[in-house]
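The values are calculated or read from the model by the stated rules, or taken from the named source; none is laboratory data. Note that the structure is predicted; figures quoted are calculated from it, not measured. All Cβ positions, glycine included, derive from the backbone under ideal geometry; neighbour counts span all protein chains shown.
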Amino acid sequence: MASNTTGYQWQVDQGAGYTNISNGAPYSGATTATLTITGATARMNGYIYRVIASGLATPDAASNGATLTVNSPPSIIAQPSSSTIAAGGNTTFSVLASNTTGYQWQVDQGAGYTNISNGAPYSGATTATLTITGATARMNGYIYRVIASGLATPDAASNGATLTVNSPPSIIAQPSSSTIAAGGNTTFSVLASNTTGYQWQVDQGAGYTNISNGAPYSGATTATLTITGATARMNGYIYRVIASGLATPDAASNGATLTVNSPPSIIAQPSSSTIAAGGNTTFSVLASNTTGYQWQVDQGAGYTNISNGAPYSGATTATLKITGATAGMNGYIYRVIASGLATPYAVSNGAALTVNSPPTVTGVTNGGSYNVDKTIMFNKGTATLNGSAFISGSTVSAEGYYTLVVTDAAGNSTAVSFIIDKTAPVVSGVTNGGLYNVNKTITFNEGTATLNGS
């Protein structure tokens with residue numbers, strides 16, 4: 001308020017000294033007691049205004065300067081950045097803003113933004129930096145932003161920044177053990193979550209070591225390990241996979257065992273056997289990698305399977321037993337088929353059965369009685385007659401009781417007992433050509449008799 005005035009002139013100092021103001025946006029009333037500013041801009045912040053009051057006398061009166069403060073609304077200068085951490089980890093979201101007097105962080109869990117209050121896992125919810133301590137897996141995908149407020153409106157909302165919480169890898173489906181034949185192929189597979197890579201390992205008996213691609217392995221760093229052409233030496237190897245991800249610890253699967261079945265193999269062949277007719281024997285085999293046996297016999301027309309039943313037992317075991325072999329079985333050939341979990345089956349060598357028959361004696365029969373000289377022959381072996389050596393083809397002439405024993409090289413023997421009796425029986429009570437008028441009692445000293453044919 002001024003006295004003794006006849007006029008006013010408002011001036012502005014924009015930083016380089018005062019200059020007169022003319023009416024025109026944003027100014028009006030530039031030559032009145034009241035300067036009106038309409039639609040002040042942010043650049044006018046800090047301008048200093050004064051008025052020069054003039055009158056009928058000099059000097060003119062200059063008022064004190066009055067500063068114009070123009071508050072701009074908040075503005076985000078640097079947006080918060082998305083963050084990726086492991087479950088249980090810590091992170092921060094920060095913003096750089098101007099013209100602010102306060103901050104309010106918000107989170108969108110999937111249903112829209114809501115204000116965050118301080119309290120685990122959050123701190124700094126009303127500052128320029130939001131701190132998250134011990135993030136959980138369920139927070140994965142949460143979106144964070146800040147509302148920056150100031151002395152002027154509108155408030156400034158930052159862009160959303162996504163929190164990625166990486167959980168450690170987890171095995172969902174374990175690899176299964178596998179059984180194959182030598183030379184066969186197989187795979188070991190795993191199903192895992194939160195993975196970025198795989199490394200298959202093998203334990204050959206001294207602990208797990210990493211597998212590299214190269215025969216017999218492929219897919220060593222994938223979810224499926226392929227084995228092509230497994231060898232017998234790989235039997236019992238144990239396989240597992242290490243699944244890695246963006247978070248630790250890595251996940252190790254259970255071990256899965258590889259069983260490689262080798263085909264059967266004959267270690268010890270059956271041996272041929274020689275026995276006497278009626279005797280017993282066995283044929284045995286020693287084999288590896290077997291689950292079963294089948295004995296076969298070749299009777300002269302090729303091999304056929306043997307079933308248990310006289311004279312055979314143990315037809316499907318490692319030892320075939322023959323009980324009471326007959327002479328007709330002489331020359332039979334026996335072999336075994338050893339089966340296993342892998343092919344081909346193993347076939348043993350053939351083993352011959354020799355059944356020795358006892359010597360055959362001709363010229364006399366056991367229990368025979370003869371009244372003439374007898375020439376005796378036998379087909380094999382050596383003989384004794386009543387304990388003395390006897391040569392085949394020799395003739396026995398003397399009367400007497402004889403026992404011939406013939407023994408062959410296998411120990412088979414034939415015994416024949418016989419009698420040489422050249423003396424006619426003696427008849428008593430009657431004489432040849434005699435006539436009798438009384439009853440006669442007739443006796444004879446040996447043999448049998450007929451009277452008139454009866």
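Somewhere in segment 336-350, is a residue within 28 Å of Pro425 (Cβ to Cβ), in a loop (DSSP other than H, G, I, E, B) and either assigned by TED's automatic domain parsing to the domain that holds Val416 or of a type outside the set (Ser, Thr, Tyr) (or both)?
no
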| remark: Here the residues within segment 120-136 that are of a type outside the set (A, V, I, L, M, F, W, C) and assigned to a strand (DSSP E or B) are Tyr122, Ser123, Thr129, Thr131
| Among the residues of segment 293-337, how many are surrounded by fewer than 16 Cβ atoms within 10 Å (Cβ to Cβ), in contact with a Pro (Cβ under 8 Å, 6 or more places away or on another chain) and modelled with pLDDT of 95 or more? | 2
| Failed item in (1) closer than 22 Å to Ser177 by Cα; (2) modelled with pLDDT under 95, with Ala277 passing the rest | (1)
| Residue check: is Gly88 under 60 Å from the mean Cα position of the chain (by Cα), exposed (fewer than 12 other Cβ atoms within 10 Å of the Cβ) and assigned by TED's automatic domain parsing to the domain that holds Thr129? | no
| request: Search segment 228-247 for residues being of a type in the set (Val, Ile, Thr) and within 15 Å of Gln199 (Cα to Cα), and hand back the single one that is farthest from the chain's Cα centre (by Cα). | output: Ile242
| message | With the requirement that a residue be assigned to a strand (DSSP E or B) and charged (D, E, K, R), what does segment 236-260 give you? | response | Arg240
| Consider Ser170 against the criteria (1) surrounded by fewer than 15 Cβ atoms within 10 Å (Cβ to Cβ); (2) more than 17 Å from Ala87 (Cβ to Cβ): it satisfies all of them except one. Which criterion is unmet? | (2)
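For segment 56-76, how many residues meet the condition of being exposed (fewer than 11 other Cβ atoms within 10 Å of the Cβ) and not in a loop (DSSP other than H, G, I, E, B)?
Result for segment 56-76: 1.
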| message | Return the residues of segment 190-204 that are under 14 Å from the mean Cα position of the chain (by Cα) and either surrounded by 19 or more Cβ atoms within 10 Å (Cβ to Cβ) or of a type in the set (Gly, Ala, Ser) (or both); say none if nothing qualifies. | response | Val190, Trp200, Gln201, Val202
